[in-house]
Amino acid sequence: MIRKQPNMNVGAAILFILFCLLFFVLLFRFVSIQVTGEAAGQPLAAKAQQIYNKNGVLEAKRGTIYDRNGEVIAEDTSSYTLIAILDEKMKPNYVSDKEKTARELAKYLDLSESEILRVLSKKEKFQVEFGLAGKDISLQTKQEIEELKLPGITFIRESKRFYPNGVFSSHLIGFVETKEGESTPVGQLGLEKSLNDILTGENGSVQYASDLWGYILPNSEQKITPAKDGKDVYLTLDKKIQTFLEDALNQADEQYKPTKMVAIVADPKTGDILAMGQRPTFHPKTREGIEKTWLNEAVEVSYEPGSTMKIFTLAAALEEQVLNLNDYYESGSYKPTKDDLIRDHNKVGWGSITYLEGFQRSSNVAIAKIVQEKLGFDKYRQYLTKFGFEDPTGIELPNETGGKIVYNYPSEKVTTGYGQGTAITPLQQIQAATAIAGDGSMLKPQIINKVVDPTTSKTIQKTEPEVVGKPISEGTAKKVREVMETVITSPKGTGYERYNIDGYEIAGKTGTANLTHQGAYIHGDNDYVFSFMGMAPADDPELIVYVMVQQPKVANSSEGYKPVSLIFKQVMKNSLQYLSIQPSEQQSSKTIEIPDVIGKSVENGVSALQDLGVNAIVLGNGTEIVNQLPAKEQPLLEGEKVVIQTDGEITLPDLHGWSLRDVMKVANLAKLQLNITGNGYVSQQNVAAGTRLKEGDYLVVHLQSPDTKEQMNGEDEEKEAEIPKGG
């Protein structure tokens, strides 16, 4: 008989008690969790929800910026970056057949098969990208690559701000930037900055139940908070007129290389800004050139206006009925005080001449005598306020500055009359000029046409013309325009044979202002700001164009008008014809009304256009015309092409020698994303002629100006005479 050892009984008892204690602890813990729903102070239901309930962000789209006719200026677009996964641990989703992958991708990327294979053959890389060739891929190209089902080939989606016109009033439009640690882009300059709250949408969210691997569970409920897209903004800018302006600025920049240029086109009947540009400028996508100036020179910088200021001094004197333009005065020099002397720009004057001739010749002495002897300093000061030269105009652009009226001593008061000493902005001059161009009412410059809710398509804000003053009467405005017209038509005028446009009557005034450095005027041959304020047609202006060019590279200051004239004449003439404003002398050969050829066969449509002497470009290999640019009844400028789109597959024409305006028609019809470098006419294109085009493809063209010969000559028009300050 085997006896049980006492130690075994004791050990069994201890184990039994231990297991009982553990059981009761576990039971207590289970009951406690069931009752409280917490473990270690953490709510288990919430933790489970974190694991199995997934949250996603529904990105809001930033509002689109359009021109007055609905042409896109800035918009959010989806672009894709191509990546290739090389790590074999990701089997089967890695690039297993590198040769085949390189061969297939070469059909879609601007890279050779060997270069792609080199990228795919990199060692110890989890994944690789393909440089610029693999970025900004369109949705259609992405889908076509995905249809190849190449293992390891995938895409990263990005939302980018796209500026289809390249350099296009860049300081006015601005750009956006996503700062580090943030997901929403923020406007950094121009309208993108001042309208950021309007353009920025509100992100939405989606919540759904998933399994452990993140897949949505069947029949699970989804909680969706829709994103609210930003509002769309329609500007007063006209894409075509802005393109005229950019082309002219590019040409002047190439030919004369000034340090600065500013130009504005406005509708004097509404105050709408139709175009605004400057040099230096920058590309809103690449930011190339932004380091040269962050300022919108038209609204953020005030300049001594020079003799364009004489327009408003003349208007004040005529309004007060203190000036007879046929009265004579002695030109040459004038002493506002016994210690101060001012001179006409030719130093000696023209003898005894009428005030009308004095204005035509841009006589400083005539204006000084008007300010001091006829108007009086106090009365003239009132007109500086009436014409809005003190305060900012209130345009919807950031950092606008007002004028700097220097009006303490008699010398400062008379020089203000002809645009020296006092500084105002180009936009303030445009605002004041609307009173001259119209019935005497001064209109606030406008850049916003309307704001639209993209969800409902309802207009939530509409800008109407706003009269901000009536400094002069309608009769005075008409008289001033008549005098300004003689500046162009009279052989004595400083604008004679320089700013005339065949078939149109131009009213204008030239300007030449001194530059200062450290408080003193500088005296280099080209150290001036040359400008021109012009309006047309003179009897009832439809457009105002102001141009300012600083320190152009010309032989001497007497040729400073040349870049100003080049810009003004190109922009004004093309814009008048584009707006179908008929010249006083009919020149039917210059513009053609385009017929509607949509729905016609290609053969009949081309024949109809060729009968009008039009150069018709066929886009596509179809048999029926489905679209055309310019559209029906729009005027066609001399030498401009008509692009017709057919119902067939679209291929890219040979664009060499084309103007930017004609290239934009192809990009518009084919829905391409257009990038532009250089200026002038197309010398290079990134896509070969005959290549099949797909919606969203990128087209990059390089423009180059042809060599042009200067065709204008002239004498020194005006240099504002200096006088001592103070006293």
Of the residues in the stretch 669-704, those that are at pLDDT below 85, in contact with a Gly (Cβ under 9 Å, 6 or more places away or on another chain) and either open to solvent by less than 50 Å² (accessible area, probe 1.4 Å) or in a loop (DSSP other than H, G, I, E, B) (or both) come to Q673, L674, N675, I676, V701, L703
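Each row is one residue, and each column tells you yes or no for (1) open to solvent by less than 10 Å² (accessible area, probe 1.4 Å); (2) farther than 29 Å from K379 by Cβ; (3) not basic (K, R).
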{"residue": "A432", "(1), (2), (3)": "yes, no, yes"}
{"residue": "P445", "(1), (2), (3)": "yes, no, yes"}
{"residue": "D453", "(1), (2), (3)": "no, yes, yes"}
{"residue": "K479", "(1), (2), (3)": "no, no, no"}
By residue number, the members of the stretch 73-129 that are in a helix (DSSP H, G or I), in contact (Cβ under 8 Å) with a residue 12 or more places away in the chain and surrounded by fewer than 16 Cβ atoms within 10 Å (Cβ to Cβ) are M90, E99, K100, S114
Subset of the stretch 355-401, residues over 20 Å from G271 (Cβ atoms) and β-branched (V, I, T), comes to V365, I367, I370, V371
Residue pairs within 6 Å by beta carbon, gap of at least six or interchain, first lying in the stretch 256-280 and at positive phi, second basic (K, R) and at pLDDT below 95, listed first then second, are K257/K553
When (1) open to solvent by 50 Å² or more (accessible area, probe 1.4 Å); (2) under 18 Å from R287 (Cβ atoms); (3) charged (D, E, K, R); (4) not in a loop (DSSP other than H, G, I, E, B) are applied to D197, the one that fails is (2)
Exactly one of V299, V365, V371 is assigned to a helix (DSSP H, G or I), modelled with pLDDT of 95 or more, open to solvent by less than 40 Å² (accessible area, probe 1.4 Å) and under 21 Å from I567 (Cα atoms), and that residue is V299
Of the residues in the stretch 485-505, those that are in a loop (DSSP other than H, G, I, E, B), of a type in the set (S, T, N, Q) and touching a residue at least 40 places away in the same chain (Cβ under 8 Å) number 2
In the set V549, V554, the lone residue that is under 26 Å from S490 (Cα atoms), surrounded by 21 or more Cβ atoms within 10 Å (Cβ to Cβ) and in contact with a strand residue (DSSP E or B) (Cβ under 7 Å, 6 or more places away or on another chain) is V549
Residues of the stretch 392-447 being in a helix (DSSP H, G or I) and more than 16 Å from Q372 (Cβ to Cβ), in sequence order, are P426, L427, Q428, Q429, I430, Q431, A432, A433, T434, A435, I436, A437
Margin query: Criterion first (surrounded by 24 or more Cβ atoms within 10 Å (Cβ to Cβ), touching a strand residue (DSSP E or B) at 6+ places or on another chain (Cβ under 6 Å), among the small types (G, A, S) and touching a residue at least 24 places away in the same chain (Cβ under 8 Å)) does A423 satisfy it?
Written below: no
For the stretch 563-592 the number of residues that are modelled with pLDDT under 90 and aliphatic (A, V, I, L, M) is 2
Residues of the stretch 510-535 being part of a strand (DSSP E or B), in contact with a strand residue (DSSP E or B) (Cβ under 9 Å, 6 or more places away or on another chain) and over 15 Å from I311 (Cβ atoms), in sequence order, are N514, Y521, Y528, V529, F530
Within the stretch 311-355, residues open to solvent by 10 Å² or more (accessible area, probe 1.4 Å), under 24 Å from K478 (Cα atoms) and β-branched (V, I, T) come out as V322, T354
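The values are calculated or read from the model by the stated rules, or taken from the named source; none is laboratory data. Because the structure is a prediction, the values reported are computed rather than measured. Here the Cβ is made from the backbone with ideal geometry for all residues, glycine too, and neighbour counts use every protein chain on show. Note: accessible area is taken over every heavy atom of the protein model, side chains too, but ligands, DNA and RNA are not part of it. Shrake-Rupley method; radii C 1.70, N 1.55, O 1.52, S 1.80 Å.
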